[in-house]
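S.K.: Can you read through this structure? Questions will come right after.
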Amino acid sequence: RDRLNQLDLLQLERWAESVQGKKLSGKILERLPSDPQEATVAVASLDDHHLAWGTTGATFPLMSVVKPFLLLYLLETLGAEVVFQKVGMQPSDRPYNSVVELEIDQGWPRNPMINSGAICLASLLPGESATARCEAFRQWLNQVSGAQLVLDQQVLAQVNAHPNWQNRGITHLLNLAGHFEHPQLVLDSYNQICCLRTTVTDLAALGLVLAGKNPQIGPKHRQLVNGIMLTCGLYEDSAQMMAQIGLPMKSGVSGAMVAIIPQAGAIAVYSPLLDETGNSVWSLALLEEISQSLELSILG
Ligand code: GLN
């Protein structure tokens, strides 16, 4: 915690600039229009030490970064037993939107950090409509973190206009396997929560909840979420990044990424250029630099 509290803006800027060149090796996913050159990072400690560097005003939809917070919300509202009847906590070596494991595992989603697991969990959201479900979840997130997430109607319209057969296929298989009824409602709920829009400063505030900032959220559920992020949060690259960075992390296709430093703080990064796995290239490079320099890995 001390190492995080002593971090200054100059050092953060040096690291940010030193990893800039690494952006070139990634590939851009065309689905969300954004400036691939944008790069911003926010660091927040449990002792209220806050730093932000880059295009800090940039806003972006959470996309898959919402998944650990969906898991936390459902653990807090429904309990672990209900949640883990729907989804496993086992890493997957398939892409985030793969249907393969649903076919070979009789519709059992491996974990809540990939689309199948998160779509399955979206079926548990309380509320009559997708809008009511997303709104209740949004208000809860803002209440526990102090963030000001808003629903991005424009991105939601783009998501809804895109056929996304992959997610439809996942939803269909989960429905066939008997996980839920009303597949369209479930998919709409999932799509809406992915379109909650934020900044790195607010994403770091959300991360602080998982680091232990809010006494309302006990250690039991935080440990579950952080453990699943550590082993599954970066899809097929989770194991490698656990070794190289050693922090619970979650990425999204918008280029957002959050890293949790349990009992100490959180780091939120945004940069739209993605690698083949769907993880932000610059965000990963920067998190590796920060974690190694400050020796933040929770693995020793
Ligand atoms: N909404 C996106 C999708 O379901 C989220 C995926 C992601 O961010 N990796 O395809």
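Each value in this text was obtained by applying a stated rule to the coordinates, not by laboratory testing. As the structure is a computational prediction, the values presented were derived from the model and not from experiment. Glycine gets a Cβ as well: all are built from the backbone with ideal geometry, and neighbour counts include every protein chain shown.
S.K.: Using the Karplus curve 6.51 cos²θ - 1.76 cosθ + 1.60 with θ = phi - 60°, what ³J(HN,Hα) values do you get for each residue of segment 138-145, in whole Hz, with x for Gly and Pro?
M.R.: Values per residue, Gly and Pro as x: 4, 5, 4, 4, 5, 5, 6, 10 Hz.
S.K.: Round to the nearest 10 and give me the degree value, 0 to 90, for the angle of helix 281-294's Cα axis relative to the longest principal axis of the chain.
M.R.: The helix 281-294 is inclined about 50 degrees to the chain.
S.K.: Using per-residue counts of other Cβ atoms within 10 Å, averaged over each peptide, order 240-253, 177-190, 118-131, 78-91 from highest down.
M.R.: 240-253, 118-131, 177-190, 78-91
S.K.: Another question about this same structure. Using Cα centres only, tell me the gap between segment 146-174 and segment 241-274 in whole Å.
M.R.: 22 Å
S.K.: While we're looking at this one, here's another question. Let me see the P(r) profile for segment 253-296: every Cα-Cα distance counted, bins of 10 Å, each bin given as a percent of all pairs.
M.R.: It works out to 30, 51, 19, 0, in whole percents.
S.K.: Another question, then. Please list, by residue number, every one of the GluC sites (Glu not before Pro) in segment 257-300 that is coil in DSSP and has at most 13 other beta-carbon atoms within 10 Å. Walk me through the intermediate numbers first.
M.R.: Values: sites: E276, E288, E289, E295; in loops: E276, E295.
In loop regions of segment 257-300 (DSSP not H, G, I, E or B), the sparsely surrounded GluC sites (Glu not before Pro) are E276, E295.
S.K.: Could you work out how far helix 165-176 tilts from the main Cα principal axis of the chain, as a 0 to 90 degree angle to the nearest 10?
M.R.: 50 degrees
S.K.: How big is the chain by Rg and Dmax over its Cα atoms, in Å?
M.R.: 17.7, 54
S.K.: Dividing the convex hull volume of the Cα atoms of segment 49-184 by its residue count, what figure in Å³ per residue is obtained?
M.R.: Numbers: hull volume 19.8 nm³, N = 136.
Spread over its residues, the Cα hull of segment 49-184 gives 146 Å³ apiece.
S.K.: Further question: Kindly write out, for segment 110-122 in residue order, the coupling ³J(HN,Hα) from the Karplus curve 6.51 cos²θ - 1.76 cosθ + 1.60 (θ = phi - 60°), rounded to whole Hz, with x marking Gly and Pro.
M.R.: My calculation for segment 110-122 gives 4, 7, x, 8, 9, 4, 4, x, 6, 5, 4, 5, 4 Hz in order.
S.K.: Can you give me the angle between helix 9-18 and the longest principal axis of the chain, using Cα atoms only, in degrees from 0 to 90, rounded to the nearest 10?
M.R.: 70 degrees
S.K.: On to the next question. Mind listing the Cα extents of segment 35-99 along all three principal axes, in Å, largest one first?
M.R.: Sorted from largest, the Cα extents of segment 35-99 read 42, 33, 18 Å.
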